[in-house]
Amino acid sequence: MAQIIDGKAVSASVKEEVAKEAAALKDSKGLNVGLAVVIVGNDSASRVYVNNKKKACEAVGFQSFEYALPEETTQEQLLELVNTLNNDCKVNGILVQLPLPKHIDEKAVIDAISPDKDVDAFHPVNVGKIMIGDYSFLPCTPAGVMRLIESTGVDITGKQCVVIGRSNIVGKPQAMLLLQKNGTVTICHSKTKNLKEICLGADILVVAIGRAKFVTGDMIKPGAVVIDVGMDRDENGKLCGDVDFASAEQVAGYITPVPGGVGPMTIAMLMKNTLTAAKQQAGIQ
């Protein structure tokens, strides 16, 4: 039976570290950390995420600036706002909540955010820095996954690491981070052949494919660390991950639940990135 990796507990410890450091910087340097969150339209899931980010800012002592724009906002108007935020010294981090309405080019918006304030680490400059291992910010979900693996005490060095999923937000950067920790990394995706055999060789398995209960217990090496990035609904409409938890738990050494695993880590690492941005902008190492 696997040990459960408690994402809520690990994320709480990250937020506690951030809150302490933010309070110390405020006392010693008069530094107020500020995060601007921009939401366009009325997507209900996006609204939940934005509210959670605002609550997290409050919890760690950051200023939170919300810009809720109507669905019909033009790309030009959004880019104008991003430019204003780039030049606002009270704003250390800028996050534009995705997805955007169809008439707005997401790439153009991401490219417009200053790399120094890109706390999602989606800007091509920050993506390039991750590739060469010289980065300031990491995409929040892969960074959270690394923290969860670290919490198990398992050393990544020399381990066979398999990442299922090749998105720019999770799969690709996740593979780079595991590689930088000296893991031997295989990236799998929907076109991969012999997927079960590859998974069975994994000491560390990160699943981010977006298909409910896709990875089952018979695909997991006994004792492996299994990190489930998925957020899906099962046949009964119940929240679940990309891993079939019931069967995987019988085989794995460590496993993240859904909910309560990777999810809480994403916002905690966003807070960490925003603090890093504020320190850099103030010339504090």
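Since every read-out is calculated from the coordinates, none of them should be taken as a lab result. Note that the structure is predicted; figures quoted are calculated from it, not measured. Positions of Cβ are backbone-derived with ideal geometry, glycine not excepted, and every protein chain shown enters the neighbour counts.
What whole number of Å gives the distance from the Cα centroid of region 254-270 to the Cα centroid of region 181-246?
The distance from the Cα centre of region 181-246 to that of region 254-270 comes to 15 Å.
Give the percent of DSSP beta bridges with both residues in the chain that are antiparallel, rounded to the nearest 5. Walk me through the numbers on the way to the answer.
Numbers: 2 of 32 bridges.
Just about 5 percent of them are antiparallel.
From Cα coordinates alone, what are the radius of gyration and Dmax values for region 30-115 in angstrom?
Both quantities, over Cα of region 30-115: 12.7, 41 Å.
With +1 on the Cβ of every Lys and Arg and -1 on the Cβ of every Asp and Glu, and nothing else charged, how large is the dipole of region 105-160 about its Cα centre, in debye rounded to the nearest 20?
Using only the charged Cβ atoms, the result is roughly 200 debye.
Treating cross-link reach as a plain straight distance, find the aspartates and glutamates whose alpha-carbon is under 15 Å from the alpha-carbon of Lys20, omitting any fewer than eight places away in the same chain.
Counting by Cα, and skipping residues close in sequence, Lys20 has these aspartates and glutamates nearby: Glu58.
What is the order of Lys107, Lys26, Lys213, fewest Cβ neighbours within 10 Å to most?
Lys107, Lys26, Lys213
Over region 25-79, what portion of Cα pair distances is larger than 13 Å, expressed as a whole percent?
64 percent
Based only on other Cβ atoms within 10 Å, what is the fewest-to-most ordering of Thr192, Thr186, Thr141, Thr274?
Values: Thr192 14, Thr186 17, Thr141 22, Thr274 30.
Listing Thr192, Thr186, Thr141, Thr274 from fewest to most nearby Cβ atoms yields Thr192, Thr186, Thr141, Thr274.
State which entries of Lys129/Lys191; Lys26/Lys90; Lys181/Lys221; Lys26/Lys279; Lys54/Lys272; Lys107/Lys181 exceed 18 angstrom in Cα-Cα distance in the structure shown.
Numbers: Lys129/Lys191 28 Å; Lys26/Lys90 13 Å; Lys181/Lys221 21 Å; Lys26/Lys279 11 Å; Lys54/Lys272 14 Å; Lys107/Lys181 29 Å.
Listed pairs above 18 Å: Lys129/Lys191; Lys181/Lys221; Lys107/Lys181.
Roughly how big is region 30-115's charge dipole about its Cα centre, with Cβ charges of +1 (Lys, Arg) and -1 (Asp, Glu), in debye to the nearest 20?
Here the size comes out at about 400 debye.
Note the listed values (1) 39, 21, 16; (2) 33, 21, 18; (3) 26, 25, 19, then indicate which one is semi-axes √(5λ) of the Cα gyration tensor in Å calculated from this particular structure.
Working out semi-axes √(5λ) of the Cα gyration tensor in Å from the coordinates points to (2).
In which sequence would Met265, Met146, Met1, Met231 go, from the one with the fewest C-beta neighbours within 10 Å to the one with the most?
So the residues, fewest neighbours to most, are Met1, Met231, Met146, Met265.
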